[in-house]
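This report concerns only the one structure given below.
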Amino acid sequence: MFFIISDNHHVIVERLLKELDISATYISGQGAYSGVCKNVILCIVKKHLSPKLEEIVRQEDPKAFTIITSATEIYGEGYKNIFSEKL
C-alpha cells in the first residue's frame, strides 16, 4: 500500500492507470506545519509491481513524500470479497 504526496500527483496517477493498470484514490490532506493543502495518492499494488511504482514516483517527482506499508487484507474489486466467509 502506497501513500504518495506530490505536487505532480496528476502525472503520477495517469502513469499508474496507463502503465500498471491500477487505480488510485485521492485523499485530501493539509500540512500541519505549512498549512498547504495537498492531494495524497492512495494505491494498492501487488508486491511484484512495487518496484515499477517506485520508479514512476522517482521519475515524476524525486522529492515526493512516499509511505510504503503492508496491507494484510484488502477487500473490493480485484481483491477479496468482503461478503465471502472468512476461513
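The values are calculated or read from the model by the stated rules, or taken from the named source; none is laboratory data. On a predicted model such as this, the values are computed, not experimentally measured, just so you know. So basically every Cβ, Gly included, is an ideal-geometry build from the backbone, and we count neighbours across all protein chains shown. For accessibility, only protein heavy atoms count, side chains too; no ligands or nucleic acids. Shrake-Rupley method; radii C 1.70, N 1.55, O 1.52, S 1.80 Å.
List pairs: first residue in region 1-25 and free of Cβ contacts under 8 Å to residues at least 40 places away in the same chain, second residue surrounded by 13 or more Cβ atoms within 10 Å (Cβ to Cβ) and assigned to a loop (DSSP other than H, G, I, E, B) anywhere in the structure, Cβ distance under 6 angstrom, at least six positions apart or on different chains.
That search, which allows pairs on different chains as well, returns Val13/Ala24; Ile22/Val45.
Report the residue count in region 1-27 for those that are open to solvent by 20 Å² or more (accessible area, probe 1.4 Å), aromatic (Phe, Trp, Tyr) and under 20 Å from Glu73 (Cα atoms).
Summing the residues that are open to solvent by 20 Å² or more (accessible area, probe 1.4 Å), aromatic (Phe, Trp, Tyr) and under 20 Å from Glu73 (Cα atoms) in region 1-27 gives 1.
Can you list residue pairs whose Cβ atoms sit under 7 Å apart, with the first residue in region 43-54 being closer than 11 Å to Met1 by Cβ and the second being surrounded by 16 or more Cβ atoms within 10 Å (Cβ to Cβ) and among the small types (Gly, Ala, Ser)? Count only pairs 6 or more apart in sequence or on different chains.
Hits for this filter: Cys43/Ala24.
Please verify whether Thr72 is in a loop (DSSP other than H, G, I, E, B) and either surrounded by 14 or more Cβ atoms within 10 Å (Cβ to Cβ) or at pLDDT below 95 (or both), treating the condition exactly as stated.
yes
Among the residues of region 28-49, what is the count of those that are hydroxyl-bearing (Ser, Thr, Tyr) and surrounded by 13 or more Cβ atoms within 10 Å (Cβ to Cβ)?
Qualifying residue count, region 28-49: 0.
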